[in-house]
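Structure first, then comments.
The values are calculated or read from the model by the stated rules, or taken from the named source; none is laboratory data. What you see is a predicted model, and the numbers here were worked out from it, not measured in a lab. A quick note on method: Cβ atoms are made from the backbone with ideal geometry, for glycine too, and the neighbour counts reach across all protein chains shown.
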Amino acid sequence: MYKMGRTWIELSGENLIWNVKQFNKILGGRSQIMAAVKANAYGHGAVEVSHILEEAGVEDFCVASLEEGIQLRQSGIKGRVLVLGYTHPKAFVELLRYDLTQTVVDAAYAEKLKQYGKKIKVHIEIDTGMHRLGERFERFEDILAMWQIDSLEITGFFSHLCVADSNAETDRDYTLWQIRNFSQVTAKLKAAGISNFKAHLLSSYGVLNYPEYCFDYARIGIALYGILSNETDTTRLKPDLRPVLTLKTRIQSVRDLKAGEGVGYGLTYTASCPRTIASLSIGYADGIPRNLSNHGWVLVNGFRAPIIGRICMDQMMVDITGIPGVLTGETAVLIGKSGKEEITAAMFACWSGTITNEVLSRLGSRPERLIRRPGTIRYMDGYLGSRKAVR
Ligand SMILES: *Cc1c(COP(=O)(O)O)cnc(C)c1O
């Protein structure tokens with residue numbers, strides 16, 4: 001079936017591999033990338049992204065849920081896969097079936113795994129100050145006791161930072177305090193004779209702001225996709241990261257408006273003079289935030305076209321007055337480049353009042369994910385088996 005008929009995401013495999021190389025350079029062989037491919041790889045397409053990463057030498061992945069881990073295995077991913085979130089005890093059997101590593105989210109959860117009795121690979125998470133998941137770092141006895149549980153095959157030990165993106169002095173102090181807490185517990189474990197585990201602490205902003213504290217892995221998500229969370233974020237390291245995702249849609253109809261005519265649900269836009277408008281085959285069910293109604297732009301033929309009227313579930317309208325030669329069936333770009341113009345994910349997120357992580361991870365399942373290699377776009381089904389290249 002033709003996959004670029006309506007709305008689709010083009011992934012630059014080249015840029016993704018480029019970003020992997022940038023991070024490998026920063027980590028300098030001391031530390032390995034654990035790619036965060038949760039939430040469908042931040043909307044990019046977890047299967048597509050993970051296969052490219054595996055080809056680029058990445059051997060470790062983390063996901064949010066059991067189901068996301070199973071999806072990777074069913075698509076043929078061979079690397080280690082860590083489930084960061086809670087898995088219900090009734091589903092523990094699936095961890096074994098798909099050879100997934102489970103996070104021990106606290107000491108009570110370690111008890112559940114003990115009761116289950118079968119040997120399961122786990123990483124122990126400790127709470128060094130974020131207070132979301134992990135056993136509290138102060139409870140060293142409880143943490144140490146996890147190593148006494150026969151059914152836990154403990155291969156890793158980690159924590160998560162919560163203000164590593166901020167350069168404010170109090171946030172830097174807090175992060176250094178979290179890092180100290182993590183290091184101290186790691187050192188105490190080693191002093192107790194326990195050292196056969198991999199430690200990891202930093203995610204994207206951790207690596208970019210605190211690269212001297214890389215442990216065995218860095219769990220990198222957003223920056224691996226070539227972007228930061230906000231346009232205005234500044235980081236100590238500024239590697240040349242290249243965006244992986246382009247979001248495109250078809251122009252489904254072009255029409256003229258007379259002065260005074262309104263557009264869309266609620267008629268929230270009214271033409272003050274004659275306009276030419278286009279309707280696009282993308283809407284909030286595809287992940288376009290509804291608060292971009294009458295707000296923000298898309299790119300058409302290398303020009304910025306303002307969004308007019310309310311974003312609908314499956315469609316939206318833009319003003320293309322003055323843009324030469326726009327025809328039905330041509331493409332509009334919501335995130336990415338067109339001619340000399342570019343709308344970055346960070347701009348798109350800023351217009352809708354949030355961060356790139358959110359807008360990208362909310363891109364729905366409806367847009368096709370296509371992998372762009374130089375000169376071609378490869379379909380994922382072609383990627384795994386017989387290859388079909390289309391222009
Ligand atoms: C999502 C997540 C990451 C990746 O975070 P980025 O900021 O996208 O790099 C790392 N670790 C944990 C525990 C996470 O939940």
Condition test on LYS121, is it assigned to a strand (DSSP E or B), more than 16 Å from the ligand (Cβ to nearest atom) and not aliphatic (A, V, I, L, M)? yes
Could you tell me whether region 113-123 includes any residue that is surrounded by fewer than 21 Cβ atoms within 10 Å (Cβ to Cβ), in contact with a Pro (Cβ under 9 Å, 6 or more places away or on another chain) and of a type in the set (S, T, N, Q)? yes
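From ASP165, ASP171, grab the single residue that is at pLDDT 95 or above, in the same structural domain as ASP99 (by TED's automatic domain parsing) and not in a loop (DSSP other than H, G, I, E, B).
ASP171
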Please list, ordered by residue number, the strands (runs of 3 or more DSSP E) wholly in region 277-363 having 3 or more residues that are modelled with pLDDT of 95 or more and over 27 Å from ASP233 (Cα atoms). 316-319
Would you tally the residues in region 1-11 being surrounded by fewer than 23 Cβ atoms within 10 Å (Cβ to Cβ) and not charged (D, E, K, R)? 5
If we keep only residues of region 346-363 that are surrounded by fewer than 20 Cβ atoms within 10 Å (Cβ to Cβ) and touching a strand residue (DSSP E or B) at 6+ places or on another chain (Cβ under 9 Å), then the residue farthest from ASN294 (Cα to Cα) is MET347
Could you list all residues from region 234-273 that are touching a residue at least 24 places away in the same chain (Cβ under 8 Å), assigned to a loop (DSSP other than H, G, I, E, B) and either over 33 Å from the mean Cα position of the chain (by Cα) or under 12 Å from ILE308 (Cβ atoms) (or both)? GLY264, THR268
Can you pull out the residues in region 321-345 that are surrounded by 15 or more Cβ atoms within 10 Å (Cβ to Cβ), among the β-branched types (Val, Ile, Thr) and within 21 Å of GLY5 (Cα to Cα)? VAL326, THR331, VAL333, ILE335
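Being assigned to a loop (DSSP other than H, G, I, E, B), farther than 12 Å from PHE182 by Cβ, touching a strand residue (DSSP E or B) at 6+ places or on another chain (Cβ under 8 Å) and among the hydrophobic types (A, V, I, L, M, F, W, C) is the filter here, so list the residues in region 131-159 that pass it.
LEU133
Test GLN148 against the stated conditions and say whether it is within 28 Å of TYR86 (Cβ to Cβ), in the same structural domain as ILE26 (by TED's automatic domain parsing) and crowded, with 20+ Cβ neighbours inside 10 Å.
no
Could you list all residues from region 1-20 that are closer than 28 Å to LEU237 by Cα and either part of a helix (DSSP H, G or I) or out of contact with any helix residue (DSSP H, G or I) (no Cβ under 7 Å at 6 or more places or on another chain) (or both)?
Scanning region 1-20 gives GLU10, SER12, GLY13, GLU14, ASN15, LEU16, ILE17, TRP18, ASN19, VAL20.
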Filtered residues of region 289-311 (kept if touching a Lys or Arg at 6+ places or on another chain (Cβ under 9 Å), surrounded by 15 or more Cβ atoms within 10 Å (Cβ to Cβ) and not β-branched (Val, Ile, Thr)): PRO289, SER293, ASN294, TRP297, LEU299, ARG310
Can you confirm whether region 211-220 contains a residue that is away from the ligand (no atom under 16 Å from the Cβ) and either assigned by TED's automatic domain parsing to the domain that holds LEU82 or touching a helix residue (DSSP H, G or I) at 6+ places or on another chain (Cβ under 9 Å) (or both)? yes
Output for Cβ contacts, cut-off 6 Å, separation at least six or different chains, first residue modelled with pLDDT of 95 or more in region 77-98, second part of a helix (DSSP H, G or I) and small (Gly, Ala, Ser), reads ILE77/SER50; VAL81/GLY69; VAL83/GLY69
Hey, LEU16 within 16 Å of the ligand (Cβ to nearest atom), farther than 29 Å from LYS248 by Cα and within 16 Å of the chain's Cα centre (by Cα) or not: no
